[in-house]
Structure formats: C-alpha cells, structure tokens
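Take this structure first; my questions come after.
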Amino acid sequence: MSIDSEQHTSVVRSDWAPVDERRLFLGEGARFLETGVSPVSEAEQPGTAQHPFVLVDIMDGTLYSTSAEPGSGLTLQGSVDEPLGAVAPVRQHSSAPDGRWVAALGTGLALLERSATGELQVIQALGEPAADRSSVPLRMNDAVADPHGRFWAGAMAYDGDAGQGFLLRLDPDGSIHIVLEDLAIPNGPAFSADGATMYLSDTPTGWIRRYRVDIATGALDAGEDFIHISEGGPDGMTVDAEDCLWSAVWGGSCLHRYSPSGELLERIDVPVRQPTSIALSAAPPYRVMVTSATQHLEEPIDHDGRVITAEVSVAGRPAVSWRPSSQQEPQANWAGNLTYSSARLERPRSIDELARLVAESEQVKALGSRHSFSSVADTTGTLIELTAMPRVFTLDAEAGTVTFDAATRYGDLAAALQAEGWALPNMASLPHITVAGSVATGTHGSGDRNPPLASSVRSLDMVLADGSLRTFRRGDADFDGAVVSLGALGVVTTLTLDVIPSFEVRQDIYEGVSWDGVLENFEELTGSAYSVSLFTRWAGEDFGLVWMKSTQEPPAEVLGVTARREDIGLAGGPPEFATEQGGRWGSWDQRLPHFRLDFTPSNGDELQTEYLLPRENAVEGLRRMRALSAEIEPLLLVSEIRTMAADEQWMSGASGRETVGFHFTWLQREGEVAALLPRLEEQLLPLGARPHWGKRFATTDIASFYPRVDDFTRLVKELDPTGTFRNAFLNDLLFGAESGESRG
Ligand SMILES: Cc1cc2nc3c(=O)[nH]c(=O)nc-3n(C[C@H](O)[C@H](O)[C@H](O)COP(=O)(O)OP(=O)(O)OC[C@H]3O[C@@H](n4cnc5c(N)ncnc54)[C@H](O)[C@@H]3O)c2cc1C
C-alpha cells in the first residue's frame, strides 16, 4: 500500500544529514537511551547525558555513542575483538550507574563494561549458543531488550545462509532459550510498548513476522506474517510512541512506517542505499537516527555507510534494559571485593511494605549504592534496596531545606537543586553514592571550614526494627547519634538537608609541589581555597599535586608552582571522567565532586582505606607515611589528603575535632593490602587516627576513639533490642564480647 503524499504530512521534518563523515562497514543496533537524570532510569550508562544514542559497527566490534545532531560526530565507547551485534543496558543492581551492557557478541551473549582506561571489556560470558551449532560458522546479529527485562538476540551464518539463523531469549534468571529456528538473517526484534507483541524481520526473505508474547514467561505464539517487502529487505526496526513500526529497508534506500494494523503509513527516502537500523529520541529535540552499511557496495556514494539523522515529529521510546533477577545479580559491593553474606535481596515499593519486611525479618541491612569497601552494609539476613520506593523531592525555599527519598544519589540531588538555584555546601569525590549511605558512614568532602556531609542533615525518617516509623530532628536528644548510624538503627526512608544558594566554583591544579613545601606550609595550604585536596604517592622529593576548588580567585602560585590550564583528570584516568579543571568557573554541582556523574569513574577495580587524624597530628602523620613509602607505593594508585571541620555526630570521623583525612586508593590486591594495613595503623592509630567506616582497615580496637561511643551503643540497644540491624562488622567493632561474631 502506498501513501498519497498530498494527504499525509511526513513525520520527517528536515533534510537528512550525516552525524559523522566516516562510513561504517555494517552500522547497526541504533538505540536511544534514557538519560541518567533519574536515579531509577532504565539506562544510566556512561555518556548518556550528552550522548543518548548508541550504535555498533558489527564486524569491527565497535560501540559508538552520539548526540545524533548533524555533524556532532560518533564517540567511540570501546571495541571488542568479536562481531558486536547490538547492546542493551543492564538495569543497575543499585542506584549507581555501573555502565554494564548486555551484548550479542561473537557466538553468544556477554556482559560488557567500560574500564577506567576507557576500554570495553567482557566481564562475563553468559553463553555461546551459536558456537558449534551449525556446519557453517555463525555470529550474533541484532538484539534488543523487551519491556519486561528479557534480552532477545538473533544469530546468523556469516554469509546469511537460509535456515541457519535463530533467535534466542535471555531471561532475567540468566537462562538462554532458542525460541525460533530456520531463519536466515534475523533482524530488529522490536516490541510494542506493553511487550505483548514482538516484530521480527528475516531480511533476505522480505518478511516481517509478528508474534504474541506471553508477558509472564516470554513464550512466543506461532506468529503470523505481518508485512512483506519486495524491493529490498526489512532490516532493523523500532516502535515509536504511537505504536507504529519503523523498518529500515536494506537495499531499498528507504524506511517504512507501519500502523499497528499493518498499514504502510509512510515510505521515507533516505540518502543511503543500505539503511540498517533506526532509533528515535524519546525526549525533545525529537530526532531519528539511522545507521547504514557499505558492505557489498563496490563504490559508496552519497551517505552510504554513514549514520544519518533528521528531525521528526514523532517520539520514540527509550531502549529498555535487560533486568537480571535478584537471584542472578552479583550480590557484591561496587568494588567486588565483598560478596554479601545475604541470600535475599528485597526492593520494597512502599513504606508499608518496607515496615512489614523489616518487622518480619530477623536480620536486615539497608543498602545504598554499595560503594563501601568494608562489610558495614553486610548481613546474613535480608538486604534491602530502596530503589523501588516512591521518589520524593521537595524543596522548601523558605525553610532552606530539601527533602528526598533515601535512594537518591548525591549527583542527582545536586543537579535537581542546581536547576532550582540551590546548592549543598559540599560533596564527596564521587556523585554516584547515595546520600543515605554516605551520611551513615561519615562520608566527607574537603575544606577547612566544611564538616563531613552528615552535618547538613536537618532531619531523617527511619523505619525501626519493630516496623514503626521514627523521625529524628536536629536538636532532638539522640539526633547526633542517628545520622552517622552505620545502618545500625533502622532503614532511613527520607532525609531533609539544609540547602544554600547556588554558587560557582573553579578547580585549579598545581602539579609538582615539594614535600618540604607541603610539610612546612600545611596549615596555610589547606586554608587557601574553599576545598583543598593534596594528592601524593608518598615517595621522592616531589609531593605530587594540589587540587583546589575555589569560590574566589585562587592564588596564582602555590608553593612556587603555577596552576595547570589543561584538564589532567584524576589518578591517571581519562580527563573526561573528572569534573572540569583548568580554572574554568562552573556551578558547584559540576565542580565539587572529583568525578562526573555521567561517567563511571572506574570498574571498581580498586580498594580504599582512609584514616581520619586530629588536625594537630596531620604533619607528623604525613612524615610517618612518607617513611613507609617503599611499602605503600607498590600497592598504591593514589593517596589524597583532605581536611574537614569538626562536627557533632557521635560516630563521625571528625566528631569533636578538626580533622585531616589520609586516603589511599589501592590496587585491588586484597591480601597484600590487608598485610600492609597494620603497618600503617602502627604509625597512625597512636596519633588518634579513626578509620573511615566505609573503607578497608585492620584494627578492631577503635571504640575508644569516639568519646560518645557509649551513647551510640546505648541508642542501638534501645532502638533495636533484638539486633535486627547488627552485623558482624558492628559486633566486632562496637559490641565486642557481647556478640561472639567477627567481621571477617
Ligand atoms: C569511588 C569511591 C569514592 C569515594 N569517595 C569518598 C569521598 O570522597 N569521601 C568519603 O568520605 N568517602 C568516599 N567514599 C566512601 C563512600 O562514601 C562510603 O562508602 C559510602 O557509605 C557509600 O555510600 P553507599 O550509598 O554506597 O552506601 P553502602 O555502601 O551501600 O552502605 C553504607 C552503609 O550505609 C547504610 N545505609 C545505606 N542506605 C541506608 C538507609 N537507607 N538506611 C539506613 N542505612 C543505610 C548501610 O547499611 C551501610 O551500613 C568513596 C567510595 C568510592 C567507592
């Protein structure tokens, strides 16, 4: 059926233009990803904020992202050694973006992740159903996740032999099922919004078939012919927000758009002979992006092989994620150095459900974004993530507060506040961590006048062990014990923080300062900007660098060194992972964290340790660590020295004293780091060092470092008499002989 162009206005509203000049051999897998604005968004993948579109060049094994604006270019997200058919985001097992993809790769399925150095790595093979299946070699082709969290992928013979191809389904439990066989080149699985209809094209046959999907099990019915295309072959597909199906017609230089009943609504000419896949943006500005191929073309002409784009009047839907079920999820912390002892992970959807769950469980621990390296969040009972709870964000300009739900990450909160002209006074280095988890462990940023982050908490609501809800407000008798709670008192559901008017910050890096200069001028140095961090590797005469976050013009010179004008990144990682440096002013949310929210700073391949010293002992502490540099350096990625003002929180590292944090990011060599820590502690504990609760340390004898520790243990016993929220970590460190368990 053809379209009378007099009667129908095209949904394409501009000329086609290339996104990039390069021609791909076999561009495919175009997808639009939802941006990481919401902590519960489907696709918080690196780069989505600016680059919501992704695509692959199959035979090169490359993954690209792009904004899909004309001429904006393709950004390489990484490449692998095998054909890469398509990817889908993996739904996060926590609210933090971990940047994982599920991929149709080589002869099977795999999980991919972008490493700290920007390479795309296979982190887990999920199965190789296309290996040794046929007498001819096969490879994976197009693939997509459906709205119910399953991943569907086609396999084909390299030369497209009829009958060799098949379609498989990866279920949330990790099982792989071959669901259709005897295909040639299966392409573009595409789903209706409710996931109950699947369209599949088999390109050389000209057919697009339609299947009913059993939403509960993923089973397909026998299917029916939907459309036959005779001029060219139907390749990649997508379903738009009006439930209309788009098909890229390989060899037909066009796209087709069909109504759900199969009426051809429009034939859209494109300046490429072999269009291969289509993605439509789900948010304005509405664009269509089409990939194409030069494969089999003797001489590419026009935009053959290029990724092309145009404005459209119809929205798409964001690509959904493969959602591994909780049994399948790696129950590990972000760094992977700790596998939680729990066999059960729950995501309650309401406060009532949460309260019931807590009251019914013998042992419970709330999880934030799993960024702690210690076992502070571990339990043998039920782990509870709050990512499915109702979202809360209420700004009270008159009171100068913001109230939000406990799954909220600092970076998301910061962006939402900045949009309204408000700010937080300080942030930690990483914006991906939850506020609830951070304040529970005494997390801090830097600055002589900036206390740890818990100081901004004005009140919090908590579900206690008996299922009751309690609000702790600043000024209440036990409030100072309830914020840095180590998760020992209950499950925090909402927090209210003080906010201040938005402000601008710039970051300047002074590289090459001397050890003598730092030791002699420590007091002055840490006070010379809003927030100052010193980075060192301890060895040699060169201390390292000073990283200043300033709200006023910073000093032109620091210890005889002038500021670098270019971005240098952090600890050898790519500069684009770090927030902008080079003295460029920007809003506080874009400068206070070291890492950018839309980049995953690393794959977690590290360990961290931090000791919080009373300020008066900091210089002596530096000298002592420097003396151990030969032992420290081989295991060290980088060390950071930060200062913080005193606070009143009973269990805070800065409780009652001005503090300097000695932070160590280690290579992930668990045994060697564990062996070294007592050596560090021999030197630092006598200086009054308190270990950071969320990081690795060795000592168990720390209770005496906290003057209010007895108040805290009293509060724990009062609110949680049966020890629902206790774990080996707490028993070991705070309840000693009363418990018998050890933190291991
Ligand atoms: C790359 C990286 C950078 C870091 N940078 C800094 C930094 O700059 N400064 C710093 O001080 N620390 C830093 N940390 C440490 C980090 O801030 C802490 O480990 C923090 O606790 C992580 O928060 P989370 O949401 O991941 O909490 P989790 O590790 O998930 O949990 C930590 C604790 O909080 C409790 N908890 C979480 N949510 C709740 C809730 N809703 N109710 C009750 N209890 C809860 C848990 O039970 C557990 O006891 C960094 C860690 C990493 C991995």
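May I ask you to say which residue of Ala674, Ala689 is within 30 Å of the chain's Cα centre (by Cα) and closer than 23 Å to Leu733 by Cα? Before the answer, list the steps.
Numbers: Ala689 fails: within 30 Å of the chain's Cα centre (by Cα).
On inspection, the qualifying residue turns out to be Ala674.
Further question: Of the conditions (1) in contact with an Asp or Glu (Cβ under 9 Å, 6 or more places away or on another chain); (2) surrounded by fewer than 17 Cβ atoms within 10 Å (Cβ to Cβ), Tyr286 satisfies every one except a single condition; which number is it?
Against the list (1) in contact with an Asp or Glu (Cβ under 9 Å, 6 or more places away or on another chain); (2) surrounded by fewer than 17 Cβ atoms within 10 Å (Cβ to Cβ), Tyr286 comes up short only on (2).
Could you say whether any residue in region 455-476 is outside any loop (DSSP other than H, G, I, E, B) and under 22 Å from Phe729 (Cα atoms)?
Looking for residues that are outside any loop (DSSP other than H, G, I, E, B) and under 22 Å from Phe729 (Cα atoms), one finds at least one in region 455-476, hence yes.
Can you tell me which of Val320, Val358 is part of a helix (DSSP H, G or I) and either aliphatic (A, V, I, L, M) or over 20 Å from the mean Cα position of the chain (by Cα) (or both)?
Details: Val320 fails: part of a helix (DSSP H, G or I).
Going through Val320, Val358 in turn, just one is part of a helix (DSSP H, G or I) and either aliphatic (A, V, I, L, M) or over 20 Å from the mean Cα position of the chain (by Cα) (or both): Val358.
Report whether or not Ala454 is crowded, with 23+ Cβ neighbours inside 10 Å, hydrophobic (A, V, I, L, M, F, W, C), within 12 Å of the ligand (Cβ to nearest atom) and under 21 Å from the mean Cα position of the chain (by Cα). Even if it seems obvious, please write down each step before you answer.
Values: crowded, with 23+ Cβ neighbours inside 10 Å: yes; hydrophobic (A, V, I, L, M, F, W, C): yes; within 12 Å of the ligand (Cβ to nearest atom): yes; under 21 Å from the mean Cα position of the chain (by Cα): no.
Answer is no for this residue.
Quick check on region 400-417. Is at least one of its residues among the acidic types (Asp, Glu), farther than 19 Å from Ala335 by Cα and away from the ligand (no atom under 14 Å from the Cβ)?
There is no residue in region 400-417 that is among the acidic types (Asp, Glu), farther than 19 Å from Ala335 by Cα and away from the ligand (no atom under 14 Å from the Cβ).
Do we have Ser468 as open to solvent by 40 Å² or more (accessible area, probe 1.4 Å), within 16 Å of the ligand (Cβ to nearest atom) and over 23 Å from the mean Cα position of the chain (by Cα) here?
yes
Every residue, every condition in (1) crowded, with 24+ Cβ neighbours inside 10 Å; (2) of a type in the set (Ser, Thr, Tyr), yes or no:
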| site | (1), (2) |
| --- | --- |
| Ala162 | no, no |
| Leu180 | no, no |
| Asn187 | yes, no |
| Ser201 | yes, yes |
| Gly206 | no, no |
| Ile215 | no, no |
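Val392 - would you say it is modelled with pLDDT of 95 or more and touching a strand residue (DSSP E or B) at 6+ places or on another chain (Cβ under 7 Å)?
no
Can you tell me which of Arg323, Arg306 is at pLDDT below 90, touching a Lys or Arg at 6+ places or on another chain (Cβ under 6 Å) and more than 23 Å from Ala728 (Cα to Cα)? Let's see the steps before the verdict.
Values: Arg306 fails: at pLDDT below 90.
Arg323 is the lone residue from the list that is at pLDDT below 90, touching a Lys or Arg at 6+ places or on another chain (Cβ under 6 Å) and more than 23 Å from Ala728 (Cα to Cα).
Moving on to the next point. Any idea which of (1) open to solvent by less than 30 Å² (accessible area, probe 1.4 Å); (2) touching a Gly at 6+ places or on another chain (Cβ under 7 Å); (3) farther than 30 Å from Leu413 by Cα is the one Asn617 doesn't satisfy?
(1)
What do you reckon, is Asp478 more than 12 Å from the ligand (Cβ to nearest atom), within 28 Å of Ile641 (Cα to Cα), in contact with a helix residue (DSSP H, G or I) (Cβ under 7 Å, 6 or more places away or on another chain) and not basic (Lys, Arg)?
no
Let me ask something else. Can you name every residue in region 420-444 that is near the ligand (Cβ under 6 Å from one of its atoms) and assigned to a loop (DSSP other than H, G, I, E, B)?
Hits for region 420-444 are Ala428, Ser429, Leu430, Ile433, Thr441, Thr443, His444.
Sticking with this one: Has region 244-251 got any residue that is modelled with pLDDT under 95 and under 15 Å from Thr203 (Cβ atoms)?
So far as region 244-251 goes, no, none of its residues is modelled with pLDDT under 95 and under 15 Å from Thr203 (Cβ atoms).
For region 696-723, which residues satisfy the criterion of being modelled with pLDDT of 95 or more and acidic (Asp, Glu)?
Within region 696-723, Asp710, Asp711, Glu718, Asp720 qualify.
A follow-up question, please. Restricting attention to region 77-116, and to residues there that are of a type in the set (Val, Ile, Thr) and at pLDDT 90 or above, which single residue is surrounded by the most Cβ atoms within 10 Å (Cβ to Cβ)?
Selected residue: Val87.
For region 187-219, give me each residue that is more than 25 Å from Ala241 (Cβ to Cβ) and over 31 Å from the mean Cα position of the chain (by Cα).
Once the filter is applied, which keeps residues that are more than 25 Å from Ala241 (Cβ to Cβ) and over 31 Å from the mean Cα position of the chain (by Cα), region 187-219 yields Asp202, Thr203, Pro204, Thr205, Gly206, Trp207, Ala219.
Residue-wise test of (1) within 12 Å of the ligand (Cβ to nearest atom); (2) at pLDDT 95 or above.
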site: Pro601; (1), (2): yes, no
site: Ser629; (1), (2): no, yes
site: Gly671; (1), (2): no, no
site: Glu682; (1), (2): no, yes
site: Leu687; (1), (2): no, yes
site: Gly694; (1), (2): yes, yes
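For the condition open to solvent by 20 Å² or more (accessible area, probe 1.4 Å), within 21 Å of Val457 (Cα to Cα) and within 13 Å of the ligand (Cβ to nearest atom), what is the one hit in Thr394, Thr387? Even if it seems obvious, please write down each step before you answer.
On the way: Thr394 fails: within 13 Å of the ligand (Cβ to nearest atom).
That would be Thr387, the only listed residue that is open to solvent by 20 Å² or more (accessible area, probe 1.4 Å), within 21 Å of Val457 (Cα to Cα) and within 13 Å of the ligand (Cβ to nearest atom).
Is it fair to say Arg623 is under 16 Å from Asn521 (Cβ atoms) and either in contact with a helix residue (DSSP H, G or I) (Cβ under 8 Å, 6 or more places away or on another chain) or within 13 Å of the ligand (Cβ to nearest atom) (or both)? I'd like the intermediate steps shown before the answer.
Numbers: under 16 Å from Asn521 (Cβ atoms): yes; either in contact with a helix residue (DSSP H, G or I) (Cβ under 8 Å, 6 or more places away or on another chain) or within 13 Å of the ligand (Cβ to nearest atom) (or both): yes.
Against the criterion (under 16 Å from Asn521 (Cβ atoms) and either in contact with a helix residue (DSSP H, G or I) (Cβ under 8 Å, 6 or more places away or on another chain) or within 13 Å of the ligand (Cβ to nearest atom) (or both)), Arg623 qualifies.
I would also like to ask the following. Kindly list the number of the only condition in (1) more than 9 Å from the ligand (Cβ to nearest atom); (2) within 25 Å of Lys695 (Cβ to Cβ); (3) modelled with pLDDT of 95 or more that fails for Val376.
(1)
On to the next question. When you scan region 382-401, how many residues do you find that are assigned to a strand (DSSP E or B) and in contact (Cβ under 8 Å) with a residue 12 or more places away in the chain? Steps first, please.
Just the residues of region 382-401 that are assigned to a strand (DSSP E or B), to begin with: 382-385, 393-396, 401.
Those still in the list that are in contact (Cβ under 8 Å) with a residue 12 or more places away in the chain too: 382-385, 393, 395, 401.
Result for region 382-401: 7.
Write out, first by first residue and then by second, each pair whose Cβ atoms fall under 9 Å of each other, whose residues are 6+ apart or on separate chains, and whose first residue, in region 191-220, is closer than 13 Å to Trp152 by Cα and outside any strand (DSSP E or B) while the second is open to solvent by 20 Å² or more (accessible area, probe 1.4 Å) and among the aliphatic types (A, V, I, L, M).
Gly195/Ile215; Gly195/Val320; Gly218/Val179; Ala219/Val179
The values are calculated or read from the model by the stated rules, or taken from the named source; none is laboratory data. Note that this is a predicted model, so its numbers are computed, not measured. Counting neighbours? That spans all protein chains shown, and the Cβs are built from the backbone with ideal geometry, glycine included. Heavy atoms of the whole protein, side chains included, go into the accessibility calculation; ligands, DNA and RNA do not. Shrake-Rupley method; radii C 1.70, N 1.55, O 1.52, S 1.80 Å.
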